[in-house]
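The values are calculated or read from the model by the stated rules, or taken from the named source; none is laboratory data. Computed from a predicted structure; not experimentally measured. All Cβ positions, even for glycine, are placed from backbone atoms using ideal geometry, and neighbour counts span all protein chains on display. Ligands, DNA and RNA are stripped out before the accessible areas are found, and what is left, the full protein with its side chains, is counted by its heavy atoms. Shrake-Rupley method; radii C 1.70, N 1.55, O 1.52, S 1.80 Å.
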Amino acid sequence: MIVLAGVREQLPGTVLFIFQPAEEGAPAGESSGARQMIDEGACDDPAPTMVFGMHLGPLPSGYIGYRVGNQFGASGMIKIVLTGQQVHGSTPWMGVDPMPAAGAITVGVGQFYRQVSAFDPITVTIGHIEDVGRFNIVPDTVTLWGTIRCSVEEDMADIQKRLTTLAERTAAAYNCTAEVNYLQDVPAVHLLKKWTDAVLPTVKSVVGAEKVFETPPTLGYDDVSEFVNKYGGVYLMLGAQDGELTDEGELAPTPGGRGLVPNHNPLFYLDDDALAQGVRLHCHVAYDHLTGTITPAGCRTDGRHPPRAPRTTCGR
C-alpha cells in the first residue's frame, strides 16, 4: 500500500486494498468474511475489474505456485448436536448416553470416501467434540464440530445428505436425537486459464520463470473464492520456507534447513524475506492490470494492447 501510494499519480486507475476479517470463517453464530463484505457493498464503488492475492505456504522461499482449475476445494462447517438424557455415571441405565453415538458418527465419516468417486477426493473431519458435564456425568448433549472438503463443488450437497443420514440414524440406534447444521459454506477457489495466462508473464518477469511452477490441487480452502468468482482474477501461492525444486520438479526441503512445514502446524514458520517478493508482485500486477497489460481478453494481432478505460484492481 505504501509503495503504490507513493506513485499514485502514475496509476491510470484505482487500487482497492481488502482487509478482510475471517478468511476461514467467523465463529459459529457470527457473520464475516468475503461474502459479507460483498453483500454490504464494500467493493461496489468503484467495482474491481480484477482481484489479485497470494497465500503463504510451504514452498521454497520466493517461489510462486499457481494452478488452473480448482486450487482449493469447496468447504463447509459441520455442527451436530446429539441429545440424550443426563444421568450420573454410576447409573447409566437410568439415562440416555449420547457419547457412544458421537463415537460411532466420528468413526462412520471415515467411510464416506468409499461412497463417492475415488477420482474426486472428499474428506470429512470431526475436529472437536464438546459436551456439558463432568468426568462422572453422562451428558445431556454432545456437540460435534467438523468440516467437509470437496474437490468438486457439486459434491457438497451429496456429502451433506449422507452425513445427515448417518448422524440421524446412528443417534436413533443409541436412542438419541441428532440435529445437523451446515455453516460457513465456501465455494472452491477456481482459477480460469484466461486469467492465469494473463497474469503469469508479469509474475515471471518479477520473480524469474524458473521460480514459477504449477502446484497440485489441495483440499484447503479460502473464501477469496467469493471475490474471484465475482470479479475475476488470480490467487497464487507464495513460498516462504527452506525448500527447493528437484530436477524432477518435486518439492524437497533444503539440506540443513528448517524443512517444509504445512500451514496450521505448530512448527509452521515463514522466511520474512519472502514478504518483499509478495509486495513486488502485488505492485507489478496492479500496475500491469491498470495499464491494460494484464487482461483476459488477450492482445491484438500486432501484439499491442488496445486502449482501455481506467481499471480498478483489488488486492488481498
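Would you please list the contacts, defined by Cβ atoms under 8 Å and residues six or more apart or on different chains, that run from a residue in segment 261-274 that is closer than 13 Å to residue 242 by Cα and open to solvent by less than 50 Å² (accessible area, probe 1.4 Å) to a residue that is of a type in the set (Ser, Thr, Tyr) and assigned to a loop (DSSP other than H, G, I, E, B)?
261/269; 271/61; 274/61
crowded, with 21+ Cβ neighbours inside 10 Å and modelled with pLDDT of 95 or more: does that describe residue 200? Outline the logic, then answer.
Working: crowded, with 21+ Cβ neighbours inside 10 Å: no; modelled with pLDDT of 95 or more: yes.
No, not satisfied.
Determine whether residue 95 is modelled with pLDDT of 95 or more, more than 17 Å from residue 235 (Cα to Cα) and among the small types (Gly, Ala, Ser).
On the way: modelled with pLDDT of 95 or more: yes; more than 17 Å from residue 235 (Cα to Cα): yes; among the small types (Gly, Ala, Ser): yes.
Considered against the rule, which asks whether it is modelled with pLDDT of 95 or more, more than 17 Å from residue 235 (Cα to Cα) and among the small types (Gly, Ala, Ser), residue 95 comes out as yes.
Go through 280, 258 for me and flag whichever is over 28 Å from residue 124 (Cα atoms), part of a loop (DSSP other than H, G, I, E, B) and either at pLDDT below 90 or open to solvent by 70 Å² or more (accessible area, probe 1.4 Å) (or both).
Working: 280 fails: part of a loop (DSSP other than H, G, I, E, B).
Criteria check complete, one pass: 258.
Just name the residue that is most open to solvent (accessible area, probe 1.4 Å) out of those in segment 139-159 that are over 20 Å from residue 216 (Cα atoms) and of a type in the set (A, V, I, L, M).
Result: 157.
Check 221, 269 and return the single one that is part of a loop (DSSP other than H, G, I, E, B), in contact with a strand residue (DSSP E or B) (Cβ under 6 Å, 6 or more places away or on another chain) and either closer than 26 Å to residue 48 by Cα or aromatic (Phe, Trp, Tyr) (or both). Lay out the reasoning, then the answer.
On the way: 269 fails: in contact with a strand residue (DSSP E or B) (Cβ under 6 Å, 6 or more places away or on another chain).
That would be 221, the only listed residue that is part of a loop (DSSP other than H, G, I, E, B), in contact with a strand residue (DSSP E or B) (Cβ under 6 Å, 6 or more places away or on another chain) and either closer than 26 Å to residue 48 by Cα or aromatic (Phe, Trp, Tyr) (or both).
Assess whether residue 206 counts as being in contact (Cβ under 8 Å) with a residue 24 or more places away in the chain, in contact with a Leu (Cβ under 7 Å, 6 or more places away or on another chain) and under 18 Å from residue 53 (Cβ atoms).
Working: in contact (Cβ under 8 Å) with a residue 24 or more places away in the chain: yes; in contact with a Leu (Cβ under 7 Å, 6 or more places away or on another chain): yes; under 18 Å from residue 53 (Cβ atoms): yes.
Yes; evaluated as a whole, the condition is true for this residue.
Among the listed residues 117, 90, which satisfies the condition of being modelled with pLDDT of 95 or more, in a loop (DSSP other than H, G, I, E, B) and open to solvent by 40 Å² or more (accessible area, probe 1.4 Å)?
On the way: 117 fails: modelled with pLDDT of 95 or more.
On inspection, the qualifying residue turns out to be 90.
Assess whether residue 219 counts as being open to solvent by 30 Å² or more (accessible area, probe 1.4 Å) and modelled with pLDDT under 95.
Values: open to solvent by 30 Å² or more (accessible area, probe 1.4 Å): yes; modelled with pLDDT under 95: yes.
It is true that residue 219 is open to solvent by 30 Å² or more (accessible area, probe 1.4 Å) and modelled with pLDDT under 95.
Could you tell me whether segment 54-65 includes any residue that is out of contact with any helix residue (DSSP H, G or I) (no Cβ under 6 Å at 6 or more places or on another chain) and without any contact (Cβ under 8 Å) to a residue 12 or more places away in the chain? Explain how you work it out, then say what you get.
Our first condition is that a residue be out of contact with any helix residue (DSSP H, G or I) (no Cβ under 6 Å at 6 or more places or on another chain); within segment 54-65, this holds for 55-60, 65.
Those left that are additionally without any contact (Cβ under 8 Å) to a residue 12 or more places away in the chain: none.
No, every residue in segment 54-65 fails to be out of contact with any helix residue (DSSP H, G or I) (no Cβ under 6 Å at 6 or more places or on another chain) and without any contact (Cβ under 8 Å) to a residue 12 or more places away in the chain.
Can you pull out the residues in segment 3-12 that are more than 13 Å from residue 285 (Cα to Cα) and either open to solvent by less than 60 Å² (accessible area, probe 1.4 Å) or out of contact with any helix residue (DSSP H, G or I) (no Cβ under 9 Å at 6 or more places or on another chain) (or both)?
Residues satisfying the conditions are 5, 6, 7, 8, 9, 12.
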